[in-house]
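The numbers here are math on the coordinates, done by the rules we state, and not lab data. Note that this is a predicted model, so its numbers are computed, not measured. With ideal geometry, Cβ positions are generated from the backbone for all residues, glycine too; neighbour counts draw on all protein chains shown.
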Amino acid sequence: MNRSGLREQVFKLLFRIEFNTKEEMQEQCELFLEHEEIEMTEKDKAQIRERFLSIHHRLEEIDLKINEKATGWTTERMGKVDLSIIRLAVYELLFDEMIPQGVAINEAVELAKKYGQDESYGFVNGVLAKFTRKEEESSLS
């Protein structure tokens, strides 16, 4: 499975956070990996599990960062699909040095176009733009 496919599966798992308790998410992860309709190798499953658990572990910190940057919005007010996409992208922007910023944002926008509502991709792009290095540098000046 390619990186975009893996990212999409992690997004689907992150979406489940909105409907389950923190304690249930380990079991939800395993159920998802067992019963997902697409073909996944054991290596794919391990990568998805590892990425999901890493994001889940940092969820409070990620949400805090989103709430700091998303002017006029909080994670509580965001649509569940958009929030799940933004959480994944913020994790990639802040904690995964292997993924370039542009790739993380572009992939998030593509997920928003596929799974979100009509305006989701613009909203996702706008929130994530606040996390780019250029935005950080201009806010320091």
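Approximating the spin labels as points 7 Å out from Cα along Cα→Cβ, the GLU119-to-ASN106 distance works out to 2.7 nm.
May I ask you to derive the FRET efficiency for THR74 and PHE95 from their Cβ-Cβ distance with R0 = 22 Å, giving the value to the nearest 0.05? After rounding to 0.05, the efficiency reads 0.55. Each peptide among 47-57, 13-23, 81-91 gets the average number of other Cβ atoms lying within 10 Å of its residues, and from highest to lowest they stand as 81-91, 47-57, 13-23. With the highest mean first, a sort of the peptides 70-77, 105-112 on other beta-carbon atoms found within 10 angstrom per residue produces 105-112, 70-77.
Let me make sure I get this right: for segment 66-125, a, b and c are the square roots of the gyration tensor eigenvalues over alpha carbons, sorted descending. Under 1.5 in a/c it's rounded, otherwise prolate if a/b > b/c, else oblate. Which is it? Since a/c reaches 1.5 but b/c is at least a/b, the shape of segment 66-125 is classed as oblate.
Assuming a ≥ b ≥ c are the square roots of the Cα gyration tensor eigenvalues, decide whether the chain counts as rounded (a/c under 1.5), prolate (otherwise, with a/b larger than b/c) or oblate. It is prolate, given that a/c is not under 1.5 and a/b is the larger ratio. Subtracting the Cα-Cα distance of GLU39 and GLU60 from their residue separation scaled by 0.36 nm leaves 4.4 nm. Going by the alpha-carbon gyration tensor, a ≥ b ≥ c the square roots of its eigenvalues, is segment 1-60 rounded (a/c under 1.5) or, if a/c is not under 1.5, prolate (a/b greater than b/c) versus oblate? Cα axes put segment 1-60 in the prolate bin. Within straight-line reach of LYS69, meaning a Cα separation under 23 Å, sit the following lysines at least 8 residues removed in sequence or on another chain: LYS80, LYS113, LYS130, LYS134. Relative contact order of segment 58-117, taken over Cα pairs closer than 8 Å and 6 or more residues apart, is 31 percent.
For segment 74-83, backbone phi angles converted through the Karplus equation (6.51, -1.76, 1.60; θ = phi - 60°) give residue-by-residue couplings of 10, 4, 5, 8, 6, x, 4, 5, 4, 4 Hz, Gly and Pro being listed as x.
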